[in-house]
Amino acid sequence: MYKYDAIDRQLINERVAQFRDQVRRWKAGELSDDEFRPLRLQNGLYIQRHAPMFRIAVPYGMMNSAQLRTLAKVARKYDRGYGHFTTRHNLQLNWPKIEDVPEILAELAEVEMHAIQTSGNCLRNITTDQFAGVAADELIDPRPLAEIMRQWTTFHPEFAFLPRKFKIAISGTRDDRTVTWFHDIGLRLKQIDGQVGFTVIVGGGLGRTPVRGEIVRDFLPWQDILSYCEAILRVYNRYGRRDNAYKARIKILVQSLGIDAFREQVEAEWAHGRGGPMTITQAEYDRVAAHFTAPAYEAVGEVELPVDKAFQRWLERNTQAHKMAGYTAVTLSLKQHGVAPGDITSEQMEIVADLADRYSFGELRISHEQNIILADVKKSDLPDVWQKAKAAGLATPNIGLLTSIICCPGGDFCDLANAKSIPIATAIQARFDDLDYLFDIGDLDLNISGCMNACGHHHVGHIGVLGVDKNNDEFYQVTLGGRQGNEAKLGKVIGPSFSAGEMPDAIEKIIKVYLENRHADERFLDTFDRIGIDPFKNRVYEGRAHGKAKTAEVEAA
Amino acid sequence: MAQLIKNGAPAADTWTTLELADGESPESVPLPAGDVIFPLAVWQARKAEIAARPRIGLQLQSADRVEDVADDLASFAIIAVHFPKFVDGRGYSTAALLRQRYGYTGELRAVGDVLHDQLFFMRRVGFDSYALKDGKSLPYAIEVGFKPFSNTYQGATDQAQPYFRRRA
Ligand code: HEM
Ligand code: SF4
């Protein structure tokens, strides 16, 4: 994993000093609230009605055990002893005091962590694949380039005040696990004649106007990613809308120009930067890549693992094919039934840090599905890891299953929410608590957002749930058929929304339609693609007056 | 009156900025004598009249395109880039283009909502004078505003080479 050198360390220490001074000037009235807002946002600090919210970066999801222990300590000392992993490789604290944030940043800096550009209208944390470097289907390890990009984004002088936030994802595998179709820029690995590069996708995004990105360049050599991104950003910075925050993302610019005209502008801009100083050198790539070399794997053969059913279930769902024989990547589920998805207590963080030290070379990753990965576990250690994870509530065998819900903080924590999201997640988990049933249902992504900002990625859930406000009451709109990955697309709305109380039944009916109609080996999505939305719609609204019938009913009353 | 910073020190502003009042048009506005910073529209409409002056200034708004004056840059002793709000970051690209692409070497001044915490970014993209907003501490801005960071990763106007090309 990347280790800071003198300049990296110096810059984050200087950042702490800078923010400390900004907080001081704000308290002294030298900075107005409006002047302070972008400054604190660029250090991850939101101020909401109930409490501030503070977002710490886990660049491209990589962490070591010392860093996780520091997060545990910070959450305990300055907050309520837990944190929340988000869908973009960040940890959120829900109740810190603003005055404590400079101190928190100082403690984080000691372990090479920060909150730089985790919010605000700037270049955000770069995200990538949680199995980077170990995935069996990986072509190149995206982490060295992600680190090079982290440095390039840090305090970029030209792009610190963009029209809106800007999120970049980079993927190095055949199967995209980083949602590249739905980022402001998605870099998707492509090789031509042995030359490594990327397909550049631009203008994707979820939020209130969900748009699948478009290909702006089919092949870009890896050396050119910084100069090319600068060209895109310059066009966006100059011509992106600034009059309306809802129309300010790059996706709106790309849509209004059309991808061809947008591409022309970018290419014209890039003609100047191409081959210039921002071209990544082999020497720099090698320097950074040297931090991401494989750990000292042992030569181990295949092992006999216990046949215990519970263990086998966990093995099936929570471990992943690894490039090294005898090793596997373990996903620790932060989706224990009844707990807010993505939440983790300080005690759990410390246990995970111990597990990482003992079984996975002291490193771990955060996934955009809000789980933790121990990437290099010897298969012979799996029974021990399972026992310990289970005792800590981190071994729910539900990865990729219905109850491994992606969920935003929603109305319990977020000012912008239309509706609560966590209680919906826990109610659905309670309804599907039977593991045999859950395993029978199989692969299914259920994503929940508390409003159209889509922090919970509801559009790309196989089942998506969106909180909506109807006459000041909380309702939920359901979409079906969304998906991430190479064939990413947005889900379709099934029909009128449901009350919170109706949600578990509605989900159960959708599942029943799938189970009754599936062919052998069909996953939920396959059945959905074959039979379409109507059978689901008919079942869910069976006996429920809606549309014309409902209007008639209301008029009759 | 903003507080001018130039060459790392407080400075007196010797330029007047022409602003169009309601009802005035670029074509007919009277042109004051002396060192004047003209809006782009006035420069475009009255180039022939203005060009004979010994020293000419130009003001660019954040939506003004550098490309539209690229051929005239040698005429200007100063270009003022206006930040209507400090969160409107278009002026950074304007400055970068003027310096890096079009080779402008005269004075480049940030005006408008110019605040302490943006001076570092402004200096990096190529500004060399700054009209700090009134009510903000000028000495403090000069002392710490420009150097919150002792080094930088990216190439920009002040240092074209990114750090990775400057490593020993
Ligand atoms: C509670 C504090 C939060 C607030 C106030 C907040 C606010 C927002 C807003 C306003 C947007 C839409 C921006 C736009 O479309 O331009 C957004 C998008 C997003 N948020 Fe949050 N958010 C919060 C927490 C989270 C959390 C906890 C997560 C992860 C679980 C998250 C992940 C995302 C993602 C992935 C998007 C991008 C959707 C897109 O592509 O536009 N946010 N957030
Ligand atoms: S989706 Fe809406 S409710 Fe949920 S965290 Fe984002 S802004 Fe808040």
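Coordinate-derived values only; no laboratory data. As the structure is a computational prediction, the values presented were derived from the model and not from experiment. When we count neighbours, we look across all protein chains shown, and the Cβ atoms used for this are built from the backbone with ideal geometry, even at glycine.
Hey, quick one: spin label on B:ALA77, modelled 7 Å out along Cα-Cβ, who in segment B:1-36 has an amide N within reach, i.e. under 17 Å?
B:6-7, B:11-18, B:32-36
If you plug each phi of segment A:533-541 into the Karplus form 6.51 cos²θ - 1.76 cosθ + 1.60 with θ = phi - 60°, what whole-Hz ³J(HN,Hα) values come out, in order, with x for Gly and Pro?
Listing the rounded values in order: 7, 4, x, 5, 4, 4, 5, 5, 9 Hz.
Under a Cβ-Cβ limit of 4.7 Å, which cysteines in chain A have nobody to pair with?
A:CYS122, A:CYS229, A:CYS407, A:CYS414, A:CYS451
Evaluate E = 1/(1 + (r/R0)^6) for A:ALA520 and A:ALA427, where r is the Cβ-Cβ distance and R0 equals 22 Å; express this FRET efficiency to the nearest 0.05.
Working: r = 31 Å, r/R0 = 1.41.
The value I calculate is 0.10.
Arrange the following residues from fewest to most other Cβ atoms within 10 Å of their Cβ: A:HIS272, A:HIS84, A:HIS337, A:HIS183.
Values: A:HIS272 15, A:HIS84 24, A:HIS337 19, A:HIS183 28.
So the ranking, lowest neighbour count to highest, is A:HIS272, A:HIS337, A:HIS84, A:HIS183.
Find how much the distance from A:ALA294 to A:HIS50 grows on full extension, using 0.36 nm per residue of separation minus their present alpha carbon separation; answer in nm with one decimal. If you can, show how the numbers build up before the last one.
On the way: separation 244, 0.36 × 244 = 87.84 nm, distance 4.49 nm.
Residue separation times 0.36 nm, minus the Cα-Cα distance, leaves 83.4 nm.
In percent, how large is the relative contact order of segment A:6-110, given Cα pairs closer than 8 Å and 6 or more residues apart?
Normalised by residue count, the contact order of segment A:6-110 is 30 percent.
Order of B:TRP15, A:TRP222, B:TRP43 from fewest to most other C-beta atoms within 10 Å?
B:TRP15, A:TRP222, B:TRP43
Partner chain Cβ atoms within 10 Å, averaged over the residues of B:111-119 - can you pull that number for me? The partial results should precede the final answer.
Numbers: counts 0, 0, 1, 0, 4, 6, 11, 6, 0.
Counting other chains' Cβ atoms within 10 Å and averaging over B:111-119 gives 3.
Once you put a point 7 Å from the Cα of A:ALA6 and another 7 Å from the Cα of B:LYS47, both along the Cβ direction, what distance in nm separates them?
5.2 nm
Of the lysine pairs in segment A:341-441, how many meet both conditions: Cα atoms under 18 Å apart, and a spacing of 8 or more in sequence or different chains?
Numbers: A:LYS378/A:LYS388; A:LYS378/A:LYS390; A:LYS379/A:LYS388; A:LYS379/A:LYS390.
Going through segment A:341-441 pair by pair, I get 4.
Report the gain in length on full extension from A:ASP137 to A:SER32: 0.36 nm times residue separation, minus Cα-Cα distance, nm rounded to one decimal.
Values: separation 105, 0.36 × 105 = 37.80 nm, distance 5.11 nm.
In short, 32.7 nm is gained.
How many times 2.2 N^0.38 Å is the alpha carbon radius of gyration of the protein assembly as shown? Walk me through the intermediate numbers first.
Numbers: Rg = 27.6 Å, N = 725, 2.2 N^0.38 = 26.9 Å.
Dividing the Cα radius of gyration by 2.2 N^0.38 Å gives 1.03.
Can you list which of the GluC sites (Glu not before Pro) found in segment B:12-86 are DSSP loop residues with at most 13 other C-beta atoms within 10 Å? Could the numbers behind the result be given before it?
Working: sites: B:GLU19, B:GLU24, B:GLU27, B:GLU49, B:GLU67; in loops: B:GLU19, B:GLU24, B:GLU27.
Taking segment B:12-86 and a limit of 13 other Cβ atoms within 10 Å, the loop GluC sites (Glu not before Pro) found are B:GLU19, B:GLU24, B:GLU27.
When the dipole is taken about the Cα centre of chain A, and only Lys, Arg (+1) and Asp, Glu (-1) are charged at their Cβ, what size is it in debye, to the nearest 20? Numbers along the way, then the final one.
Values: 68 positive and 75 negative charges, 261 e Å.
In debye, rounded to 20, chain A gives about 1260.
At what distance in angstrom do the alpha carbon centres of segment A:470-527 and segment A:164-213 lie from each other?
First find each Cα centre; the distance between them is then 26 Å.
According to the square roots a ≥ b ≥ c of the eigenvalues of the Cα gyration tensor, what is the shape class of segment A:252-330, taking rounded for a/c under 1.5, prolate for a/b larger than b/c otherwise, and oblate for the remainder? Write down the numbers at each step before the final one.
Values: a/c = 6.36, a/b = 1.97, b/c = 3.23.
Note, shape of segment A:252-330 comes out oblate.
Please give the length that would be gained between A:ASN538 and A:VAL468 if that part of the chain were fully extended, namely 0.36 nm times their separation in residues minus their C-alpha to C-alpha distance (nm, one decimal). Please list the in-between numbers first.
Values: separation 70, 0.36 × 70 = 25.20 nm, distance 2.20 nm.
Computed gain between A:ASN538 and A:VAL468 is 23.0 nm.
Per residue of A:6-17, what is the mean number of Cβ atoms on other protein chains within 10 angstrom of that residue's Cβ?
Details: counts 1, 8, 3, 0, 3, 7, 1, 1, 5, 2, 0, 3.
Average neighbour count from other chains, rounded to a whole number: 3.
In nm, to one decimal, how far is the modelled label at A:ALA500 from the one at A:ILE531, with both set 7 Å along Cα→Cβ?
Taking the simple label geometry, A:ALA500 and A:ILE531 are separated by 3.1 nm.
Could you work out the helix-only [θ] at 222 nm for the protein assembly as shown, with each DSSP H run of four or more residues adding -39,500 (n - 2.57) and the total divided by the number of residues, to the nearest 500 deg cm²/dmol? Please report the intermediate quantities before stating the final value.
Values: 22 runs with 232 residues, N = 725.
About -9500 deg cm²/dmol.
Which aspartates and glutamates does B:LYS6 reach when only Cα atoms under 12 Å apart count, and residues fewer than 8 places away in its own chain are ignored?
Within the straight-line cut-off, B:LYS6 pairs with B:GLU107, B:ASP128.
Shielding of B:79-90 by partners, i.e. mean partner chain Cβ atoms within 10 Å per residue?
Values: counts 0, 0, 0, 0, 1, 1, 3, 4, 11, 3, 13, 8.
Shielding by partners across B:79-90 averages 4.
Give the relative contact order (percent, whole number) for segment B:3-167; include only Cα pairs under 8 Å separated by 6+ residues. Display every interim value, and only then the final one.
Numbers: 258 pairs, mean separation 31.7, N = 165.
Normalised by residue count, the contact order of segment B:3-167 is 19 percent.
Of the listed peptides A:195-201, A:504-510, what is their order by residue-averaged count of other C-beta atoms within 10 Å, with the highest listed first?
Details: A:195-201: 20.3, A:504-510: 18.4.
So the peptides A:195-201, A:504-510, ranked by packing, come out A:195-201, A:504-510.
Please report B:SER150, B:SER62 as a ranked list, fewest other C-beta atoms within 10 angstrom at the top and most at the bottom. Intermediate results must be reported in sequence, preceding the final value.
Values: B:SER150 10, B:SER62 19.
Listed from fewest to most nearby Cβ atoms, that is B:SER150, B:SER62.
Once the other residues with Cβ under 15 Å from the Cβ of A:ALA500 are scored (Lys, Arg +1; Asp, Glu -1), what is the net sum?
Details: positive: A:LYS420, A:ARG431, A:LYS470; negative: A:ASP412, A:ASP469, A:ASP473, A:GLU474, A:GLU502, A:ASP505, A:GLU508.
Around A:ALA500, the surrounding residues sum to -4.
Using alpha carbons only, how many degrees (0 to 90, rounded to 10) separate the axis of helix B:40-50 from the longest principal axis of chain B?
Computed tilt is about 60 degrees.
Mind running the shape call on segment A:6-110? Use the C-alpha gyration tensor, a ≥ b ≥ c as the square roots of the eigenvalues: rounded below 1.5 for a/c, prolate if a/b tops b/c, oblate otherwise. Provide the component values of the computation, followed by the final result.
Values: a/c = 1.79, a/b = 1.29, b/c = 1.39.
Here segment A:6-110 falls in the oblate category.
Only sites in a loop by DSSP and with at most 10 other Cβ atoms within 10 Å count here; which trypsin sites (Lys or Arg not before Pro) in segment A:28-63 make the cut?
Of the trypsin sites (Lys or Arg not before Pro), the ones in loops of segment A:28-63 whose Cβ has at most 10 other Cβ atoms within 10 Å are A:ARG49.
Under a point-charge model restricted to the Cβ atoms of Lys and Arg (+1) and Asp and Glu (-1), what is the dipole moment magnitude of segment A:36-172 relative to its Cα centre, in debye to the nearest 20? Please list the in-between numbers first.
Details: 17 positive and 13 negative charges, 138 e Å.
Rounded to the nearest 20 debye, it is 660 debye.
Peptides A:27-39, A:6-18, A:227-239: what's the order by average Cβ count within 10 Å, highest mean first?
Values: A:27-39: 14.8, A:6-18: 17.7, A:227-239: 23.8.
Per-residue mean Cβ counts within 10 Å order the peptides as A:227-239, A:6-18, A:27-39.
Quick check on packing: order B:52-61, A:476-485 by the mean number of other C-beta atoms within 10 Å, highest mean leading. The partial results should precede the final answer.
Numbers: B:52-61: 17.9, A:476-485: 21.6.
Descending packing order for the listed peptides: A:476-485, B:52-61.
If we count every other residue with Cβ under 11 angstrom of A:LEU108's Cβ, Lys/Arg +1 and Asp/Glu -1, where does the sum land?
Values: positive: A:ARG15, A:LYS73; negative: A:GLU103, A:GLU107, A:GLU110, A:GLU112.
Combined, the nearby Lys, Arg, Asp and Glu give -2.
How high is the relative contact order of chain A, given as a whole-number percent (alpha carbon pairs under 8 Å, six or more residues apart)? Working shown, then result.
Numbers: 1150 pairs, mean separation 66.4, N = 557.
Once normalised by length, the contact order is 12 percent.
For labels at A:LYS492 and A:ASP308 in the simple 7 Å Cα→Cβ model, what's the distance in nm?
Result: 4.6 nm between the two label points.
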